[in-house]
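**Q** For reference, the structure I am asking about is given below.
Read-outs: derived from the displayed coordinates by stated rules, not from any lab. Worth saying up front: this structure is predicted, and the values here are computed from it rather than measured. A quick note on method: Cβ atoms are made from the backbone with ideal geometry, for glycine too, and the neighbour counts reach across all protein chains shown.
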């Protein structure tokens, strides 16, 4: 479990793709806190560290992960948002994030709004029902508040701290972002479906 508060932006040092999936080696100042088998969110995807050494850790993404997320498009040199798994003693400063990506969104516009920046992201149709104005949404692992909502998109407002400390500051029209919707909305839908006559 995660909070959506990014702890470091790492760099993909190498990526080895095979028919079985992809093996990534990522450099980060968090590497000294990562042990083999630990969970770590990479652009919002919960992955498992398989090795650590010299300020880097390795992880593997299976084919299903590559198919369902934007990790398939990262390359050597890509900057990735990183967050270590939540500890029981930690503050829940963002919202409950599982690291289970629901889909991939596409940035359609980026506009300045005072000291902030408005980021509009087109979302897959099946995810829009889980998004509400002023609700929570996770983009590339970052816990954000929905500032506006349209028929096919959600918009968030990024403060300077977020722009500086995450890779969302480099997002531009066409950028692909991992999207995780608020887990509460998905559970509520599942629980009330039998009473609404839906399966």
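**Q** Using a 10 Å cut-off on Cβ atoms, rank the peptides 142-151, 31-40 from the highest mean neighbour count down.
**A** Working: 142-151: 16.8, 31-40: 15.1.
Put in order of decreasing packing, that is 142-151, 31-40.
**Q** At a Förster radius of 35 Å, what calculated FRET efficiency corresponds to the Cβ-Cβ distance of residue 193 and residue 38, to the nearest 0.05? Could you put the intermediate results ahead of the total?
**A** On the way: r = 36 Å, r/R0 = 1.02.
So the FRET efficiency works out to roughly 0.50.
**Q** Let me ask you something else. What is the order of 26, 74, fewest Cβ neighbours within 10 Å to most? Each step should come with its number before you reach the end.
**A** Working: 26 27, 74 21.
Fewest-to-most Cβ neighbours within 10 Å comes out as 74, 26.
**Q** Sorted from fewest to most neighbouring beta carbons within 10 Å, what does the list 82, 127 look like? Write down the numbers at each step before the final one.
**A** Working: 82 24, 127 19.
Final ranking by Cβ density, sparse to dense: 127, 82.
**Q** If I build a Gaussian network model for the chain, linking alpha-carbon pairs within less than 10 angstrom, which residue out of 167, 63, 81 has the largest mean-square fluctuation?
**A** Sorting by GNM fluctuation, first place goes to 63.
**Q** Follow-up question, since we're still on this one. Gain in length, residue 20 to residue 128, computed as 0.36 nm per residue apart minus the alpha-carbon separation, to one decimal in nm?
**A** Details: separation 108, 0.36 × 108 = 38.88 nm, distance 3.17 nm.
That works out to 35.7 nm of additional length.
**Q** Let me ask something additional. Determine the gain in length on full extension of the stretch residue 164-residue 96; use 0.36 nm per residue of separation and subtract their C-alpha separation, reporting nm with one decimal.
**A** Details: separation 68, 0.36 × 68 = 24.48 nm, distance 2.26 nm.
Here the answer is 22.2 nm.
**Q** On a C-alpha basis, how far is the centre of the range 51-88 from the centre of the range 5-41 in Å? Whole number, if you could?
**A** 4 Å
**Q** For the range 8-84, count the residues as N, evaluate 2.2 N^0.38 Å, and divide the Cα radius of gyration by that value, please.
**A** Numbers: Rg = 11.1 Å, N = 77, 2.2 N^0.38 = 11.5 Å.
In units of the globular-protein estimate, the range 8-84 measures up at 0.96.
**Q** Let me check against my output: what whole-number percent is the relative contact order of the range 103-190, with C-alpha pairs under 8 Å and at least 6 apart? Before the final figure, lay out each step's value.
**A** On the way: 172 pairs, mean separation 32.2, N = 88.
With pairs under 8 Å counted, the relative contact order is 37 percent.
**Q** Hey, another quick one. Arrange 28, 18 by Cβ neighbour counts within 10 Å, fewest through most, would you?
**A** Details: 28 23, 18 8.
Exposure proxy ranking, most exposed first: 18, 28.
**Q** Consider a paramagnetic label point 7 Å from the Cα of residue 13 along Cα→Cβ; state which residues of the range 47-78 have an amide N under 14 Å from it.
**A** 50-59, 76-78
**Q** Can you give the angle from 0 to 90° between the axis of helix 183-192 and the longest principal axis of the chain, with both taken from C-alpha atoms, to the nearest 10?
**A** That works out to roughly 50 degrees.
**Q** Using Cα pairs under 8 angstrom and six or more residues apart, how large is the relative contact order of the chain, in percent?
**A** Numbers: 471 pairs, mean separation 46.6, N = 199.
Answer for the chain is 23 percent.
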